[in-house]
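Chemist: Just dropping this structure here.
The values are calculated or read from the model by the stated rules, or taken from the named source; none is laboratory data. Keep in mind it's a predicted model, so treat the numbers as computed, not measured. Note that we place each Cβ from the backbone using ideal geometry, even for glycine, and neighbour counts take in every protein chain shown. Just the protein is used for accessible areas: all its heavy atoms, side chains included, with ligands, DNA and RNA removed. Shrake-Rupley method; radii C 1.70, N 1.55, O 1.52, S 1.80 Å.
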Amino acid sequence: MPSGGGSTGTGAGTGTVADAVSALVVGYCVVHLARTGRRPLSRTAAVLLGLPVVGVTVAAFGASSAATGVAGAARYLQIFVLVPAAVLILVRDARHFRLLAWSFVALALWQGGIGVQQYLTGTGASYMGEDIRAVGTFGATDVMGMATVVSYGLVCALALAFRPRAPRPRVAAGVCAAVLTVPLALSFSRGAWIATAAACLGVLLLAGARRAGTVLLAGGAAAVVLVAGLGVGSAMLQERLSSITQVTGAPDQSVTDRYTMWAASADMWRERPVTGVGLKGFPEHRDKHASLALSSGSDTAGAGSGFARQPLLSPHNMYLLVLGEQGLLGLATLAGSWAALLVCGLLRWKRRCARPGGPGGPELDCALVACGLLIWQLTDFVYADIGGPSTVLTAVAFGVAAWWAVGSGRGAAAGAGGSRSGGSRAVAGEAGAR
């Protein structure tokens, strides 16, 4: 079983089809801006999305070689700057935003359906000696891929279930959210479970305390009926769930490996506290800083692949990966950008959706989708890092959050005759309401 989230981190190698598609989207965005001649981003959006460039650029100069630095910088800029900016610019209004959110749900249902079939037929990735782990089309070497996709879809579906004045879409979204809990459970990903629980709790609280209490009571009752009454849930699933509380007392080898790599990242940072050891430097410096408790790799098998030993190329903690490779400068600019997006998103929710009688407004579901996805990602980064095809979806999620948090200067310019743009007023829907 892979010791981490299945991510290979920044040490991973070649590009994927998802990377090619993201390049096409960014290219189309550039052409679109060149043809329209409009200001692409508000001042706030440009600052927040541009912050990571500082730390990434400095860390690229500290890489072991020029080629390594360029490749690492390109990956970080793709995921945290270029693709999010393209999504922010190309999503014009709440209708496009909801269409993108439903796309997350549809992709999750597809991957989740494949994952459930893998569990039932014993054709998934290997887990405790059985090929039952649901991984979708991502394979045994990226066990976190399907869990990430399904988690995104579940969070989006739960948020869309609170869309105002849309009873049928709300019911459909609620059903999708309930269905997606099954493949998420069968992914056996503790990190995804924790992140999804945090994101769903955040969505429910933003939707209103009364609604949150109702949904939590209904979900708890359903869990009791399914598990206690009908006996749904295998012993392996229950054991995996209980292991979350045992990571300090009696950790398994996967948790031991993770703790060891976390300590190695912290040691790299202490060696070069300001700029880190350089982009993609973790694999090269790992053995120098890791203790003997670290295993030589993680075993992967199943899902159409034979047995293989997968090297541990990242600490499976995005914050510590950035701290070790980019130092305090990189962590401050990258994590600072994420934190600022969340704060801006919550402030806009307060302005647009908070009401004396409870949260509401026509864009409540948009606020819940954006904040929920960002909460999920920032929580999951404690247990995982970037790597694999699902990483491009992470970039889209940051773009979705940015659209709600800081908007696009194009919408405001259009609404004001091209005379001004700025902040959250840049969303086309708001500009048209003025």
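Conditions (1) open to solvent by 20 Å² or more (accessible area, probe 1.4 Å); (2) touching a residue at least 40 places away in the same chain (Cβ under 8 Å), marked per residue:
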site: 89; (1), (2): no, yes
site: 100; (1), (2): yes, yes
site: 104; (1), (2): no, yes
site: 107; (1), (2): yes, yes
site: 110; (1), (2): yes, no
site: 113; (1), (2): yes, yes
site: 125; (1), (2): no, yes
site: 129; (1), (2): yes, no
site: 133; (1), (2): no, yes
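Chemist: When only residues in the stretch 1-18 that are surrounded by 19 or more Cβ atoms within 10 Å (Cβ to Cβ) and in a helix (DSSP H, G or I) count, which is modelled with the lowest pLDDT?
Modeler: Ranking the qualifying residues of the stretch 1-18, first place goes to 11.
Chemist: Here's something else I'd like to know. Across the stretch 357-396, which residue is modelled with the highest pLDDT among those that are outside any helix (DSSP H, G or I) and under 24 Å from residue 16 (Cβ atoms)?
Modeler: 381
Chemist: Checking residue 137 against (1) surrounded by 19 or more Cβ atoms within 10 Å (Cβ to Cβ); (2) closer than 25 Å to residue 118 by Cβ: exactly one of these is not met. Which one?
Modeler: Going through (1) surrounded by 19 or more Cβ atoms within 10 Å (Cβ to Cβ); (2) closer than 25 Å to residue 118 by Cβ one by one, residue 137 breaks only (1).
Chemist: Working only within the stretch 259-279, note down all residues that are buried (at least 21 other Cβ atoms within 10 Å of the Cβ) and out of contact with any Leu (no Cβ under 9 Å at 6 or more places or on another chain).
Modeler: Hits for the stretch 259-279 are 277, 278, 279.
Chemist: Okay, moving on. Modelled with pLDDT under 70, in contact with a helix residue (DSSP H, G or I) (Cβ under 9 Å, 6 or more places away or on another chain) and either on the phi > 0 side of the Ramachandran plot or surrounded by fewer than 16 Cβ atoms within 10 Å (Cβ to Cβ) (or both): does that describe residue 302?
Modeler: Taking the combined requirement at face value, the residue satisfies it.
Chemist: Got at least one residue in the stretch 27-38 being of a type in the set (Gly, Ala, Ser) and touching a residue at least 40 places away in the same chain (Cβ under 8 Å)? Spell out how you get there, then give the answer.
Modeler: Going residue by residue through the stretch 27-38, those that are of a type in the set (Gly, Ala, Ser) are 27, 34, 37.
In the following step, the residues that additionally are touching a residue at least 40 places away in the same chain (Cβ under 8 Å) were identified as none.
Scanning the stretch 27-38, I find no residue that is of a type in the set (Gly, Ala, Ser) and touching a residue at least 40 places away in the same chain (Cβ under 8 Å), so the answer is no.
Chemist: Quick one: which helices (runs of 4 or more DSSP H) lie wholly within the stretch 47-145 and hold at least 3 residues that are within 20 Å of the chain's Cα centre (by Cα) and closer than 14 Å to residue 396 by Cβ?
Modeler: The qualifying helices (runs of 4 or more DSSP H) are 83-90, 94-121.
Chemist: Which of the following residues is closer than 25 Å to residue 94 by Cβ and not aromatic (Phe, Trp, Tyr): 125, 140, 172?
Modeler: 172
Chemist: In this structure, is residue 93 within 28 Å of residue 334 (Cα to Cα) and not basic (Lys, Arg)? Reasoning before the result, please.
Modeler: Numbers: within 28 Å of residue 334 (Cα to Cα): yes; not basic (Lys, Arg): yes.
Judged against the criteria, residue 93 is a match.
Chemist: Give the stretch 27-61 a look and list any residue that's surrounded by fewer than 19 Cβ atoms within 10 Å (Cβ to Cβ) and closer than 30 Å to residue 277 by Cβ, or say none.
Modeler: Matches in the stretch 27-61: 46, 47, 50, 53, 54, 57, 61.
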